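This report concerns only the one structure given below.
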Amino acid sequence: MGKTVIVGGGTAGLAAAYTLDRAGADYSVLEKRDFSGGRIYGKVVQNSALDLGAQFMFTRYATTFDLVDKLKAKDQLVKFRPWMGIYRNDYMSTFSMNMLDNLSHPIESAKGALNLLGWSGRLRAPIMGAKFLALARKLDFDDPLKAIELDNITYADYTRKFFGSEILEYVSQPVASTLSLGIPEEISAAYGMALAWYMAPGLLTFKTGIGYLAERMSEEVKDNLKLNTTVKKIIFEGKKVMGVEIANGDKSEFIEADNVICSALAPQAAVLLEDALPKSIIDVLASIKYSACTHVMFGVPGRPLGKIYAVATPRKLGLCFSGITENAVKASGYAPPDRGIIHAFTYADYARDMLNWTDEDIKKRVLRDIRIFNPSFPEPLFTEIFRWPEAVCLCMPGQIGAVQKLKVALREYEGLHLTGEYMGLPSMEAALHFGVQSGERVLATS
Ligand SMILES: Cc1cc2nc3c(=O)[nH]c(=O)nc-3n(C[C@H](O)[C@H](O)[C@H](O)COP(=O)(O)OP(=O)(O)OC[C@H]3O[C@@H](n4cnc5c(N)ncnc54)[C@H](O)[C@@H]3O)c2cc1C
């Protein structure tokens, strides 16, 4: 079977490693950071579980739950159908993802709907429902080609065309921005529609945070996982993989391998491969774009958002975040009962700018913006800030088609397997799915 090197011990890399490990293969995972898990990493600060990257899983995440099952971690899952708020006209419209909750609060739900949308939006809302039902079978995070007809139009243009500007600004944009940390002009209609469709049946997490999945996979592969190890180049002889070059102080070291699974982000993969692959392939990888997020987390006394899990804030408000969440309501293991954990997701150009701000300036700006709609928001007990220069792959118009061509072109290169969220509709599900798939491909070709 030979030796496999996995570049990156993040979401997809760990899934690939676990797949190889279960088959008894010879492999090693090289991770540049001092922690594994990538964008599903979590940590605990003052007894509060912080999800630094991904926040929840959708019930439709097939590969994710298959992995959870294999890891015997099903009993750690918690499903939640939370209350959400969207702020418009100085009013917080609240809705529950659980229809029964809405029915038992009819006045609150009706008032919310009336405040959120005027006549134009209200009349078009049923059209949106019908479109989702018509497209349902095509919206698949693991198989983006099913939605290829929605690849070449932005989510903004698609929404405006079929549902009108009001739904774009007060429903589609706040939801899509909270999930992608980009704006509807940057993402394809295929991705935007899939995000909204996947959200409807409810959300899941683990009792002690999303990072639990990264921890469990890391534990299984720990003997073959090397942290603080940066891969500089993937080495080929002709069209056959020979191994990787890693940084070793000022020098480089060569590690021989028959297969390389590269789970670095697309533009990073472009750099690792630029000496070996034709420009046409490198250009596709380099052109794949990501949102940024300066992710701000506050430990707070009490629960300042009440029963609400997520508040989405339409961009017309000019706030630096697309939304904030109260993570303590997700599961009881997140925080002590008298504490809240508020996450603010800065997005789009706000987030890109803030990557270079000081922690103090970021904290001040985020608190100022929260207090615009929640004036009594308390002084935080602690603040944690994590900067993601690349937060979520945006799946810009044309990406699905371009990645499909890339997959075909890569078949000529023996031993090279690219993986990660950008292979599907970007999400931890797609990362895990294509991670497992790359491991299976190595096993099948050896
Ligand atoms: C704030 C935020 C919120 C999110 N919310 C959700 C959500 O609620 N639900 C959801 O499904 N998704 C969510 N996502 C997206 C999800 O986290 C990602 O789509 C997914 O985790 C990406 O997995 P990946 O394997 O492609 O990349 P990663 O998990 O980032 O893994 C890539 C790894 O490769 C390593 N690496 C890169 N280059 C090298 C190199 N040269 N040498 C060695 N190692 C290298 C990196 O350090 C990293 O560990 C969110 C992301 C963020 C940032």
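Coordinate-derived values only; no laboratory data. From a predicted model like this one, the values you see are computed outputs, not experimental measurements. FYI the Cβ positions are ideal-geometry reconstructions off the backbone, even for glycines, and counts take in every protein chain you see.
What percent do you get for the relative contact order of region 184-277 when only Cα pairs under 8 Å and 6+ apart count? Reported as a whole number, the value is 17 percent. The convex hull around the C-alpha trace of region 160-213, projected and averaged over every direction, spans 4.7 square nanometres. Of interest is the spacing of the C-alpha centroids, which for region 22-65 and region 180-202 amounts to 22 Å.
So for the chain, averaging the separation of alpha carbon pairs under 8 Å that are six or more residues apart and normalising by length, what relative contact order in percent results?
After rounding, I find 26 percent.
Our compactness index for region 6-67, the C-alpha radius of gyration over the empirical 2.2 N^0.38 Å, is 1.28.
Near the amide H of Tyr27, within less than 5 Å, lie the amide hydrogens of Thr4, all on another chain or at least 5 residues away, with H placed in the peptide plane. Kirkwood hydrodynamic radius computed over region 377-446 comes to 14.6 Å, based on all pairs of distinct alpha carbons. Note on region 114-233: lysine pairs with Cα distance below 21 Å, sequence gap of 8 or more or different chains, count 4. Within region 294-393, the proportion of Cα pairs with more than 21 Å between them is 29 percent.
Remark: region 51-59, residue by residue, has Karplus-estimated 3J(HN,Hα) of 8, 6, x, 4, 9, 7, 10, 8, 5 Hz, where x stands for each Gly or Pro and the curve is 6.51 cos²θ - 1.76 cosθ + 1.60 at θ = phi - 60°.
Find the relative contact order for region 341-446 and round it to a whole percent, using C-alpha pairs within less than 8 Å whose residues are 6+ positions apart.
17 percent.
Local charge for Gly202 was computed over the other residues whose Cβ lies under 13 Å away, with Lys and Arg +1 and Asp and Glu -1, and equals +3. In plain terms, the residue of Phe35, Phe298, Phe132, Phe95 with the fewest other Cβ atoms within 10 Å comes first and the most crowded comes last, giving Phe132, Phe35, Phe95, Phe298. Over all Cα atoms in region 341-386, the spread is summed up by Rg and Dmax: 10.7, 29 Å. Take the Cα of Trp119, step 7 Å toward its Cβ, do the same at Asp66, and the gap between the two points is 5.1 nm.
Can you check what the net charge comes to around Lys330, using other residues whose Cβ is under 14 Å from the Cβ of Lys330 (Lys, Arg +1; Asp, Glu -1)? All intermediate terms of the calculation are to be shown ahead of the outcome.
On the way: positive: Lys79, Arg81, Lys207, Arg303, Lys307, Arg339; negative: Asp51, Glu326.
Overall, the nearby charge balance is +4.
How large is log10 of I(q)/I(0) for region 211-303 at q = 0.15, 0.21, 0.22 Å⁻¹ when the intensity is taken from the Debye formula with one equal scatterer per alpha-carbon? Scattering profile of region 211-303, log10 relative to I(0): -0.80, -1.17, -1.20. Along region 245-250 the Karplus relation, 6.51 cos²θ - 1.76 cosθ + 1.60 evaluated at θ = phi - 60°, assigns HN-Hα couplings of 10, 10, 6, 9, x, 7 Hz to successive residues, with x for each Gly and Pro.
With only the Cα atoms considered, region 56-113 has a convex hull volume of 97 Å³ per residue. Largest first, the extents of the alpha carbon coordinates of the chain on the three principal axes equal 67, 47, 41 Å.
Projecting the alpha carbon convex hull of region 122-182 along each direction and taking the average yields 4.3 nm².
Other residues whose C-beta falls under 12 angstrom from the C-beta of Leu116 contribute a net charge of +1, scoring Lys and Arg +1 and Asp and Glu -1. Residues Ser36, Ser438, arranged from fewest to most other Cβ atoms within 10 angstrom of their Cβ, appear as Ser36, Ser438.
The fraction of Cα-Cα pairs per 10 angstrom bin, counted from 0 for region 25-160, comes to 8, 22, 32, 26, 9, 2, 0 percent, rounded to whole percents. Each of Lys72, Lys364, Lys330, Lys32 was scored by other Cβ atoms within 10 Å of its Cβ. Arranged with the fewest first, they read Lys72, Lys364, Lys32, Lys330.
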